[in-house]
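All of the numbers you see were taken from the coordinates with simple rules; none came from a lab. Computed from a prediction, not measured in an experiment: that's the story for all the values here. Here the Cβ is made from the backbone with ideal geometry for all residues, glycine too, and neighbour counts use every protein chain on show.
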Amino acid sequence: MANGYAGKILKIDLTTKTYEEIPTSTYEQWGGGHGIGSALFWDLCEDKTVEGDDPKNVVTIMTSPLSGTLAPTAAGRTEVQSIGLQSSPRGWFTRSNFGGRFGTQLKYAGWDGIVLMGKSDTQVWIKIIDGRVTFEDATHLWGLDTQETQEDIWRTIGADEGDWRSTGTTRDGGRTTQRSAILTTGPNADTFAPLACLIHDAGNGAGQGGFGGVFASKNLKAVSVLGTGGVEIADPNALMDARLWLQEGYTSGAHMDDPQTFPGIWALSAGPGQTLSGYPEGVERRPQGCVGCVKNCRSRHNNGIGNESMCIDASFVNHGVQGGVESLEDAWKSTDLAQRTGINVFSLMGLLAWLQNLYKAGVLGEDKAINSSLNFEHMGTESFVKSLIDAILNQTDIGADLALGIWQAAEKWGRLEQDLDSGLLPLMCWGYVHHYDGRTEAEWGYGSLLGERDINEHDFNWVVYWCSTLWSLTGIKPPVTAEEMAKIITDKLAPYAGDMMMVDYSDEGIYSESMAKTVAWHRHYTRYYKQSLGFCDWGWADFLNAYGPEYVGATGEGEPKFFNAVTGKNQSFEEGIEVGRKIWNLDRAIWVLQGRTREMEVYAGYMYNVGSTTIPGVASIGYEAPYVMPVHENGEWKYKNLSGRKLDREKVEDWKTKFYTLEGWDTTTGQPTRGTLEELGLKDVADALETAGKLGKA
């Protein structure tokens, strides 16, 4: 198929150890990735109210038409979805994604995605080589870490790096120099399921959601895939032209050492990311990135420590613990411990913050109310992180409770409500660790609250928070005024383009109808362009670009340019946003069937009780940093430090009504209405909600 798609999806029944093909064309209208994954889940999960560890749960692992192509920052992402295990008050239908080689190898093997159904009666791993699928014994792998598991599978398949290997018995049966791409859980992930993630290669992880625990609940240790085919695209010349257009118009002159642009503005594909600038001196390193990407935000190091990890993964000890960090090398070694054991690093970071808070409060430690023999005086060291992870894996000391999950442990210790109210426990909503601050960065908080997890989508964040704040901290004169920033961004927000108040983060602006438009646009954009087509969060959306014309970024023109070149379609940017709206409403319908109500969509108490004071990722400890953002006050635009703000409960509730109205949902329940669903072509979804007594009233 010369349109970027492989043409078929692999449906695996673990119970019967059989598989069949699903034509991709049946689901192509959803784009790829998340859109196809949600549609498959809707069709194949017979009971959407089950828990994440139920054999009836359905897991999708999906690529996009851009996967395995030369579409920069969009060719290497893979989306994972199912009912998860991490969230509260129940496991919601959720998502995560990861980079690296897996999605590309899946496409080269001839598959657009994988659907996992049922539960194996024995511990297995799945081996995919081109069109051949086998179920292999994983009994000996169950206690191995993610690195050991991959090395064992490579030995089994016979993947000596650097040699040509034939994957078939005929002359044209396929040859490759690649090793199988493997997605795996850590050791005995069923014992720490809510914290267990999926790891591919050294540092590519589907972190949030507890997907490692979902795999383990199905007796599945890993999936390996090796492909010798390729991806046929509609217009190779148009794709190369698009790459050159992006390079020449939006990255020319990019350099990390230029203080006027880096890190003052993150330009699309402007060069390596945090890992290269944050590693200890004296360690030789080189850039590393996902297949087809030019950004190379990860790195490899000559000492072998911290390879392929980046951002929070690479420095979570620094973020999660105030003081006590002996060295950056300690932080990187701790990162490797988490990656090898398959523990969600962001959860571990929040867990460390909470434990330190409890220790300082005198309730955690030897012979304390929460008894533990761990050495909390050395929380910032590799040795402490190892002792904590060992306790979780082996369910000893407080690890026996923490293995249940963070909010679950807090509930067992009788501290959940009080620690959420005070901010000692940094879980902003749905049991997920506080990432960016919804008290100040409203679109991040609202997006998480109306969804099912911390959104981890930096589209606005790069610009309205990081640029504004770094300009303030470094003393760099902003290259654009707050008013110019607002105009550049909002000119791109079709179908709401032109409403500059959409980036007004003032005390009143965050409760406005304009902010409802911002959040709606963000939900629709990310559901399609990022999670369905695979445009990377570290490259897109590209609103403000240091090297673009008049600082204007590529978003709005760039995304459809690459998509249309690969698929041969003629889809406009706004048409893609509308597909995202359809996906968002389908996800909403699934959550409603699971029991979602308006009353549930409430932040943790500290969001209303405590003023924001700290850096992203930590609610109540750490060092203070400004939260400078654009605001419109007294008829003027300016950049303002918003630290110290808390949310108003009544105004948040009033804002939710505005948002529900904008989306066409029932303002009393938050349920989608028949009119909205049928407008989106989702009549069957409306029928299912009505049958369940959960269809919103117009």
message: How large is the Kirkwood hydrodynamic radius of the chain, counting all unique pairs of alpha carbons, in Å?
response: 25.4
task: Could you give the size of the charge dipole of the chain about its Cα centre, using +1 on the Cβ of each K and R and -1 on the Cβ of each D and E, expressed in debye and rounded to the nearest 20?
output: 760
Net charge, Val464 excluded, C-beta distance under 9 Å - Lys, Arg +1, Asp, Glu -1: -2
field: Fewest-first ranking of Ser88, Ser309, using other Cβ atoms within 10 Å as the exposure measure
entry: Ser88, Ser309
- prompt: So what are the ³J(HN,Hα) numbers for region 10-24, from phi and the Karplus equation (6.51, -1.76, 1.60; θ = phi - 60°), rounded to whole Hz, Gly and Pro as x?
  reply: 8, 9, 10, 9, 5, 5, 9, 6, 10, 8, 8, 9, 10, x, 4
Shape category assigned to region 172-255 from the gyration tensor of Cα positions, a/c cut at 1.5: oblate
message: Along the charge dipole of region 1-150, pointing to its positive end and built from +1/-1 on Cβ of Lys, Arg, Asp and Glu, which listed residue (Thr18, Gly32, Thr60) has its Cα farthest out?
response: Gly32
- prompt: Can you put Cys429, Cys290 in order, fewest other beta carbons within 10 Å first?
  reply: Cys429, Cys290
message: Going by amide H atoms built from the backbone, whose H comes under 5 Å of the H on Gln123, apart from near neighbours?
response: Ala138
field: About the Cα centre, charge dipole magnitude for region 397-538 (Lys/Arg +1, Asp/Glu -1 at Cβ), debye
entry: 420
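What stretch of the chain, leaving out the sites themselves, is the longest with no chymotrypsin sites (Phe, Trp or Tyr not before Pro) in a DSSP loop having at most 12 other Cβ atoms within 10 Å?
On the way: sites that count: Trp164, Tyr623.
Result, exposed sites excluded: 165-622.
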- prompt: Ranking Ser334, Ser506 by Cβ neighbours within 10 Å, fewest first, what do you get?
  reply: Ser506, Ser334
- request: Kindly identify region 500-653 as rounded, prolate or oblate by the Cα gyration tensor criterion: order the square roots of the eigenvalues as a ≥ b ≥ c, call it rounded if a/c is under 1.5, otherwise compare a/b with b/c, prolate if a/b is larger, else oblate.
  value: oblate
- prompt: Just from the alpha-carbon atoms, what are the Rg and Dmax of region 627-698 in angstroms?
  reply: 18.2, 51
field: Cβ-Cβ FRET estimate between Leu473 and Asp507, R0 fixed at 30 Å, reported to 0.05
entry: 0.85
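Shape verdict for region 486-530, please, from the Cα gyration tensor: rounded (a/c under 1.5), prolate (a/b greater than b/c) or oblate.
Oblate, because a/c is 1.5 or more while a/b does not exceed b/c.
Taking 0.36 nm per residue of separation and subtracting the Cα-Cα distance, what length does fully extending Glu21 through Ala400 add? If you can, show how the numbers build up before the last one.
On the way: separation 379, 0.36 × 379 = 136.44 nm, distance 4.16 nm.
Taking Glu21 through Ala400 to full extension adds about 132.3 nm, to one decimal.
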message: As I understand it, the dipole of the chain uses +1 on the Cβ of Lys and Arg and -1 on the Cβ of Asp and Glu, about the Cα centre. Which of Gly186, Ser506, Val464 lies farthest toward its positive end?
response: Gly186
message: Using only the alpha-carbon atoms, what does region 437-589 span along each of its principal axes? Please give whole angstrom values in decreasing order.
response: 46, 35, 25
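Cβ under 15 Å from Ala400's Cβ, Ala400 left aside: what net charge do those residues give with Lys, Arg +1 and Asp, Glu -1? Each step should come with its number before you reach the end.
On the way: positive: Lys412; negative: Asp190, Asp390, Asp397, Asp401, Glu411.
Spelling it out: positives minus negatives among the neighbours equals -4.
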- request: Determine, from the Cβ-Cβ distance of Glu650 and Glu417 and an R0 of 30 Å, the FRET efficiency 1/(1 + (r/R0)^6), rounded to the nearest 0.05.
  value: 0.90
Table column - 3J(HN,Hα) (Hz), region 106-116, Karplus curve with 6.51, -1.76, 1.60, x for Gly and Pro: 5, 5, 5, 7, x, 10, 8, x, 10, 10, 10
task: Any chance you could run the full-extension gain for Ala698 through Glu575? It's 0.36 nm times the residue separation minus the Cα-Cα distance, nm to one decimal.
output: 41.8 nm
- request: Sticking with the crude label model, points 7 Å out along Cα→Cβ, report the distance from Asp687 to Val50 in nm, one decimal please.
  value: 2.3
Helix-only mean residue ellipticity at 222 nm for the chain, each DSSP H run of n ≥ 4 adding -39500 (n - 2.57), per residue, nearest 500: -9500 deg cm²/dmol
Inter-label distance for Glu329 and Asn641, nm, one decimal - labels placed 7 Å from Cα along Cα-to-Cβ: 3.7
- prompt: Going toward the positive end of the dipole of the chain, with +1 on Lys and Arg Cβ and -1 on Asp and Glu Cβ, which of Thr396, Thr567, Leu355 do you reach last?
  reply: Thr567
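Among Lys107/Lys221; Lys517/Lys569; Lys492/Lys658; Lys107/Lys569; Lys333/Lys412; Lys17/Lys56, which pairs are too far apart, with a Cα-Cα distance over 24 Å?
Working: Lys107/Lys221 21 Å; Lys517/Lys569 28 Å; Lys492/Lys658 22 Å; Lys107/Lys569 20 Å; Lys333/Lys412 31 Å; Lys17/Lys56 15 Å.
Checking Cα-Cα distances, Lys517/Lys569; Lys333/Lys412 exceed 24 Å.
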